[in-house]
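Just below is one structure, and these are the notes that go with it.
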């Protein structure tokens, strides 16, 4: 199996667990996917009210992202429809929906995740989504 296929398989399993557990599989991401020195970034870049969706430079810092996400939001679904792999990079394209626990509002958005792997672990991540829709649901 090529490294591209291996990287896609790693993500398919992680996203399957993420969706099926409705966000309860955080430890799987840390145990099986992300490298200790992951460069993790998000399109809101920490802008209010999505301060947690910012840059993290390692796994320990990244816990803040996941703790806040599952602490403040309830996942409705996380559906990846397509994986595109080239070299050490994988793009996952789909959609997701979450309800903000404080406001009760739904945020449904297209979702695009860019991953870069090294030695079977993700060393780079950047997520793209409709940040205006998510911010509206949070306020």
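The values are calculated or read from the model by the stated rules, or taken from the named source; none is laboratory data. What you are looking at is a predicted structure, and each value in this text was computed from that prediction instead of being measured. Note that each Cβ is placed from the backbone with ideal geometry, even for glycine, and that neighbours are counted across all protein chains shown.
Assorted remarks:
- Residue 32, sole failed condition from (1) in a helix (DSSP H, G or I); (2) exposed (fewer than 15 other Cβ atoms within 10 Å of the Cβ); (3) at pLDDT 95 or above; (4) in contact with a strand residue (DSSP E or B) (Cβ under 9 Å, 6 or more places away or on another chain): (2)
- Output for segment 18-28, where each listed residue is in contact with a helix residue (DSSP H, G or I) (Cβ under 6 Å, 6 or more places away or on another chain), buried (at least 18 other Cβ atoms within 10 Å of the Cβ) and in a helix (DSSP H, G or I): 26
- Selection count where residues are part of a loop (DSSP other than H, G, I, E, B), closer than 15 Å to residue 128 by Cβ and in contact with a helix residue (DSSP H, G or I) (Cβ under 6 Å, 6 or more places away or on another chain), scope segment 39-49: 2
- Candidate set from segment 95-106 (those that are without any contact (Cβ under 8 Å) to a residue 24 or more places away in the chain and in a strand (DSSP E or B)); member that is farthest from residue 50 (Cα to Cα): 95
- Answer residue from segment 5-14, given it is touching a residue at least 24 places away in the same chain (Cβ under 8 Å) and closer than 18 Å to residue 123 by Cβ and is surrounded by the most Cβ atoms within 10 Å (Cβ to Cβ) among those: 7
- Residues of segment 56-93 satisfying the condition of being touching a helix residue (DSSP H, G or I) at 6+ places or on another chain (Cβ under 9 Å), assigned to a strand (DSSP E or B) and touching a residue at least 24 places away in the same chain (Cβ under 8 Å): 73, 75, 77, 78, 79, 80, 83, 85, 86, 89, 90, 92
- Residue 122 being more than 16 Å from residue 44 (Cα to Cα) and in contact (Cβ under 8 Å) with a residue 24 or more places away in the chain: yes
- Any hit, segment 36-51, residues being farther than 20 Å from residue 4 by Cβ, buried (at least 17 other Cβ atoms within 10 Å of the Cβ), without any contact (Cβ under 8 Å) to a residue 60 or more places away in the chain and under 12 Å from the mean Cα position of the chain (by Cα): no
- Taken over segment 116-132, residues that are surrounded by 15 or more Cβ atoms within 10 Å (Cβ to Cβ), assigned to a strand (DSSP E or B) and out of contact with any strand residue (DSSP E or B) (no Cβ under 6 Å at 6 or more places or on another chain) amount to 1.
- Screening residue 15 on (1) assigned to a helix (DSSP H, G or I); (2) over 19 Å from residue 107 (Cβ atoms); (3) under 12 Å from the mean Cα position of the chain (by Cα) shows it passes everything except condition (2).
- Qualifying residue in segment 100-112 (condition: surrounded by 14 or more Cβ atoms within 10 Å (Cβ to Cβ), within 15 Å of residue 15 (Cα to Cα) and in contact with a helix residue (DSSP H, G or I) (Cβ under 9 Å, 6 or more places away or on another chain)): no
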